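The values are calculated or read from the model by the stated rules, or taken from the named source; none is laboratory data. What you see is a predicted model; the values in this text were computed from it and never measured. Methodologically, a virtual Cβ is constructed for each residue, glycine included, from the backbone with ideal geometry; neighbour enumeration extends over all protein chains shown. The protein model used for the area step is the full one, side chains on, heavy atoms only, and it has no ligands, DNA or RNA in it. Shrake-Rupley method; radii C 1.70, N 1.55, O 1.52, S 1.80 Å.
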Amino acid sequence: QVQLVESGGGLVQAGGSLRLSCAASGTIVSVYYMAWHRQAPGKQRELVAALSGSRPIYADSVKGRFTISGDVAKATVDLEMSSLNPEDTAVYYCYIRSFYRGSDYWGQGTQVTVSS
């Protein structure tokens, strides 16, 4: 069973930066969609950024501060986060979809905490 493994979370002061990385533990073929979601305490999981084709999609709350990049052939996706603020505190999850059997995959989540 292929899993997504995230890294790069941690504690950072407001205004700081972090880079999250996500990689598959095995081979995922026919990847067509990669994304990062987050879930803050007491809130629903929300989409942060996504890659589908060549144009990235961003939540309004992170536009201009976060950058998503990825490699569909390698099934890796990164999230560069800057100008972080306490409202960005959440568990961040990577997510990948494949055309093969309609499979999709979630990472286990990585905690990002932004102190004021």
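Please report the net charge: other residues with Cβ closer than 13 Å to the Cβ of residue 6, K and R +1, D and E -1.
Numbers: positive: 19, 38; negative: 78.
Net local charge, residue 6 excluded: +1.
On a 1.4 Å probe surface of the protein chains, which of 19, 65 comes out largest in accessible area, and what is the full order?
If we order 19, 65 from most to least accessible, we get 19, 65.
Skipping prolines and chain starts, which residues have an amide H placed within reach, meaning under 5 Å, of the one on residue 85, given they are 5 or more residues away or on another chain?
15
Give me the percent of accessible area attributable to carbon and sulfur for the chain, probe 1.4 angstrom. List each step's numbers first, then the result.
On the way: 3050 of 6330 Å².
It is 48 percent, rounded to a whole number.
Pick from 15, 42, 53: which is most flexible by mean-square fluctuation in a GNM of the chain where alpha carbon atoms under 10 Å apart are linked?
42
Show me, for segment 83-100, the HN-Hα J-couplings you get by feeding each phi into the Karplus relation (A = 6.51, B = -1.76, C = 1.60, θ = phi - 60°), rounded to Hz, glycine and proline as x.
Karplus values, whole Hz, x for Gly and Pro: 6, 5, 10, x, 5, 7, 5, 4, 8, 9, 10, 8, 8, 9, 10, 10, 5, 5.
With labels modelled as points extended 7 Å from the Cα through the Cβ direction, what inter-label distance (nm, one decimal) is found for residue 52 paired with residue 67?
Calculated label separation equals 2.4 nm.
Multiply the residue separation of residue 115 and residue 74 by 0.36 nm, subtract the distance between their alpha-carbon atoms, and state the gained length in nm to one decimal.
Separation in residues times 0.36 nm, less the Cα-Cα distance, equals 11.4 nm.
Which one of 63, 74, 43 has the biggest mean-square fluctuation once the chain is modelled by GNM with Cα springs under 10 Å?
43
Over the chain, give the accessible area per residue in Å² for a 1.4 Å probe, as an integer.
Per-residue value: 55 Å².
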